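This report concerns only the one structure given below.
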Amino acid sequence: MNAFQGRVTAALADATLKIAIDRTTNTARSKRTAAIAAWPEFAKARELGRDIKDHVIANMEYYLNQFETNAKKTGAKIHWARTGQEACEIVVGICKAANAKSVTRSKSMLGEEIGLPHALEAAGIERVETDLAEHIIQLAGEAPSHIIWPALHKTREQVGELFKAHHTDPGALETVEQMVNSARRNLREKFMAADVGISGANFLIADTGAICTVTNEGNAELTTTPPRVHIVTAGIEKLVPSMVEAMTMLRLLVRSATGAELTQYTTFHTGPKRAGDVDGPEEFHIVLVDAGRTTMLAEGLAEMLRCLRCGACMNHCVVYRQIGGHAYGATYPGPMGSVITPSLDGLEKSQDLPRACTLNGQCQEVCPVAIPLPKLIRGWRTKAWVQGYEPLHTAWALRIWEFLAVRPVLYQLASNMALRIMPVFAKGGWISKMPLAGGWTRYRDMPKPQGGTFLAQYKKHQAAK
Amino acid sequence: MSNAKKAIFAAIRKALPAPASAPTIAAELTQLRARVTATRPDRVSGPPDEVFLDRVQSPGVAATAERIISWDEFPAVVMRYAEQHHLAPNIALQPHPDLEALNWGGCQTHDHIHTDETLAVGLALGGIAETGTLIFHSSPQSPTLFAFLPLHHVVAVPYKNIWSWMEDYVASFDGKSPPRNVNFVTGASGTTDIEGALVRGAHGPGWLHIVVVGAAAQ
Amino acid sequence: MKNNPPRVALFATCLVDAMRPQIGFAALALLEQVNCVVEVPMGQTCCGQPALNSGDQDGTRKIAKQNIKLLAGFDHVVVPSGSCAATIKKDYPDLFEADPVWHAKAVDLANRTYELLSYMSDLWGWRPKDVSYATTATYHDSCSGLRSLNVQAQPRKMLADVTGLELLPLEGANVCCGFGGTFCVKYPDISNAIVGEKAAAINATGAALLLGGDLGCLMNMAGKLHRDGSKVRAFHTAEILAGMGDGPAIGETA
Ligand code: SF4
């Protein structure tokens, strides 16, 4: 059993996990459906969102330059990182230069992708995750299992246990309200005491040099405002031309993610503290990270760079909803992860991800920027086939079948032969066990073929006429 | 140019070997902008301040709200709010001259915000009817943390600064250099991180009360 | 079209050919009710989807070329499966993007190809007359037909004219059943978990019949229902519309 299959088996055996997945994704799906139903212009907005992202990606050099120039004018310091490691080094370097003992972090999937939590720990800097879900998994020492709800795999009971073990004066922890309050109390002083606050960016606004964060908790602003230094890490694909386009993208992003019309807090950060400001960071750094984006651009995955990280594709994925996020073994789970991960981690290692998909297309249907996820997933299968990663037995089975499929007479002979053998294994109308069919019959019965191919019967039929 | 920037741009150039000219890009962008109006949720019918009042009290935003006609009524609204919620009349008053000019007799005010502030009173720059959003621009008169640290946030917003759609707000600041922070606040803080259940007051305020000030002459 | 009845090829699909010829005969019976001349080209095997979804584009192209040649000259090509029809309509042209000659031929075939149920309804406005079946049924939308070809309202409209048949809504009718072609045998554990949920939803409707437009998905769901001891019986929609609902359902002996 390979590593992926092992994780799948474990996930499927975990009944609590399935309960947790259903609780959150069922709510997410019904809320999104309601939000889209209340927005008849959605289809048009989605096309516009797609075209805005395509426009920016096609003119990435132009907009990156524009963003850099404008951000510098506001007093932001711009850093460029080719790889995740380079980005981590830059962030750790800024923290050290600022003599930082403690940093607060507001959830950023890019941060997870480049391994920033680990890099900070390795540098001996206290890291405080401020997003409630990230706080939960930090206490549990786990990785996120969803890009919007990183602690989706945890039930309330499990969260209660964690807080009891780790919080100061948690009080009663029977209700979700009590748990949220305990986290509020425990994180309060940490927000104010941090030397550096690190956030991601949902959008980079090219014509002003602003960066946009969205949260429901308000933790991004509490992370970025009190400390002396604010560091932003952002993928270079996060650009939008201006605030106008940001508004369209926000409408699409938030409804697709949580079903709300706007997150409770949507903030545009432009440079450091101004003269007379009583709060705000003295230093404002933006680290622009490639980490595989230009590779995706070069290898035919430009459409994937539209991704807003809304999570709708995984909430609607039949596979994700059975196995959860950890089974994917990567930062990004679900359909979007099955496209991104082979590019980031290499196809050989992650070849199961694009294969473990029914290509049903619901992910594409709900994607707010119309990313053709099934097509991109199938693209990886093509590469895997060409590079010889298909397991030998299925590759040969397919080759033999293809050999027959282009030889219709032989094909009919072979079919009719097989159809004479299959009934041997049947009991009544059903086959519940048959050699070479274990993949099917382990869990399902197979109907006994009706007998003789359609073509053979049709021929007889015609002859009798 | 840093080496990293050079390498990234070289990689982009390799993948996209024929970059468009600035005028072509601008023309394309103009075409994209022409499509925005048709994509907005077409539900803002009626005066924006009325739609806004409706929207902020809708289940999705779940703030409480009221309207007063003149600024002078605002302190009384705050006092009443404090009473209703059994809060001491001790408020963090956003250091804005328009607020400071009001008569706050009967309560204690301070112009800075504590980590564990119970009640803060603020003035928003404006609002957006479409989404029921308050907008704050950071400045010496409008410190960012006023909207994030208190447990209760009572916010006045002038009815004249309520825009119909998000784009209308953007258009009215077009060409002006933005403040350090533009904060869109849409309802009280919340989280759905534990089992998708919505709980208010995660880190930011747990209660948001909005007071629209003024009304169009009848 | 009255004067010049179109010449129609029935492309039965490999699964119907091998597992359930009755669907092929049901399709013929339906096509005979509209003004067209139907033929069953003998050189047909499969649309090539298993190869395509396994990533073998070269292998798929060979099969596609064979089908393009075989189906040249027909006015319409009708397929009793949304997923196989979508392969011909959507994927064949993409496969030949780099080959202008074959691309043109693939596009030509794509334009002439139809999924059976939408063909009957959209092109001919056909409705069943004098078909009666007093029972309850629920309908599952197979993914390719639904999302690539917009097959959703047509089968329901036609089934509504079957006298006595009551259609009960299926919760999550548009959610994948976990078949996914080779997926279901490559990842049987995941597939089983998915089809398990689907079977529960089908049982919850209380319907006597499960209907759909793709034999692959129907075999998956019917096989799971049977393994779990459910009494729900499964048919291809074409069989009901053609009045063959009194025969054996999928997995029943005559
Ligand atoms: S691929 Fe689309 S649906 Fe999935 S996270 Fe990205 S934007 Fe959202």
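The values are calculated or read from the model by the stated rules, or taken from the named source; none is laboratory data. Predicted model only: the values in this text are computed from it and were never measured. Using ideal geometry, Cβ is built from the backbone for each residue, glycine included, and neighbour counts are taken over all protein chains shown. Keep in mind that these areas ignore ligands, DNA and RNA; they rest on the heavy atoms of the full protein, side chains included. Shrake-Rupley method; radii C 1.70, N 1.55, O 1.52, S 1.80 Å.
See the values below:
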| item | result |
| --- | --- |
| GNM top mover of B:188, B:38, B:18 - chain B, alpha-carbon springs below 10 Å | B:18 |
| Rounded FRET efficiency, nearest 0.05, which uses the C-beta distance separating residue C:174 from residue A:19 and R0 of 22 Å | 0.40 |
| Length-normalised contact order of region C:35-131 in % [C-alpha pairs under 8 Å, at least 6 apart] | 26 percent |
| Rounded percent of accessible protein surface that carbon and sulfur make up, region C:7-121, 1.4 Å probe | 51 percent |
| Cut-off under 5 Å, modelled amide H: who pairs with residue B:156 long-range | B:122, B:123, B:124, B:211 |
| Two-decimal Rg to Rh for region A:305-358 - Kirkwood Rh, Cα set | 0.93 |
| Whole-angstrom Cα spans of the protein assembly as shown along principal axes, big to small | 103, 61, 59 |
| P(r) of region A:153-262 over all Cα-Cα pairs, binned every 5 Å from zero, in whole percent | 2, 10, 16, 15, 17, 15, 13, 7, 4, 1 |
| Taking chain B and dividing mean pair separation by its residue count, relative contact order in percent (alpha carbons under 8 Å, at least six apart) | 23 percent |
| Most mobile of C:187, C:114, C:133 in a GNM of chain C (Cα contacts under 10 Å) | C:187 |
| log10 of Debye I(q)/I(0), alpha-carbon scatterers only, for chain C at 0.13, 0.14 Å⁻¹ | -0.80, -0.92 |
| Crossing angle, helix A:60-73 versus chain A [Cα axis fit, 0-90 degrees, rounded to tens] | 20 degrees |
| Column: log10 I(q)/I(0), Debye, Cα scatterers of region C:27-115, q = 0.15, 0.16, 0.20 Å⁻¹ | -0.53, -0.60, -0.92 |
| Gaussian network model of chain B, springs between alpha carbon atoms under 10 Å - residue of B:113, B:12, B:194 with greatest fluctuation | B:12 |
| Candidate lysines for bridging to residue C:69, where Cα separation is under 17 Å - those fewer than 8 sequence places away on the same chain excluded | C:89, C:105 |
| Sequence-distant lysines (8 or more away, or on other chains) whose Cα lies within less than 20 Å of residue C:186 | A:349, A:375, A:383, A:433, C:198, C:224 |
| Sum of -39500 (n - 2.57) over DSSP H runs of 4+, divided by residues of chain B (222 nm, nearest 500) | -7500 deg cm²/dmol |
| Cα coordinate range in region C:28-72, projected on the principal axes (Å, largest first) | 39, 18, 14 |
| Cα-based Kirkwood hydrodynamic radius, region B:44-213, one decimal, Å | 16.2 Å |
| Taking chain C and dividing mean pair separation by its residue count, relative contact order in percent (alpha carbons under 8 Å, at least six apart) | 19 percent |
| Per-residue HN-Hα couplings for region A:290-297 [Karplus 6.51, -1.76, 1.60; θ = phi - 60°; Hz; x = Gly/Pro] | 7, 6, x, 5, 5, 5, 4, 4 |
| Size of charge dipole - region C:175-254 - debye, nearest 20, with Cβ of Lys, Arg +1 and Asp, Glu -1, no other charges | 140 debye |
| For region A:42-294, Kirkwood radius (reciprocal of mean inverse C-alpha pair distance, Å) | 18.8 Å |
| Chain A: angle of helix A:3-13 to the longest principal axis, Cα-based, in degrees nearest 10 | 90 degrees |
| In region C:76-166, the GluC sites (Glu not before Pro) that fall in loop regions by DSSP, at most 10 other Cβ within 10 Å | C:97 |
| Set of aspartates and glutamates near residue B:5 by C-alpha distance (under 15 Å), chain-local residues within fewer than 8 positions excluded | A:61, A:68, A:86, A:237, A:290 |
| For chain A, cysteines whose Cβ has no other cysteine Cβ within reach (under 4.7 Å) | A:88, A:95, A:212, A:307, A:310, A:317, A:357, A:367 |
| Residues in region C:60-83 that, when all protein chains are in place, have 40 Å² or more less accessible area than the chain alone would give (probe 1.4 Å) | C:63, C:66 |
| 37 °C / 0.692 mPa s Stokes-Einstein diffusion coefficient of chain A, Kirkwood radius on C-alpha pairs, µm²/s | 133 µm²/s |
| On Cα atoms only, tilt of A:15-37 relative to the major axis of chain A in degrees | 80 degrees |
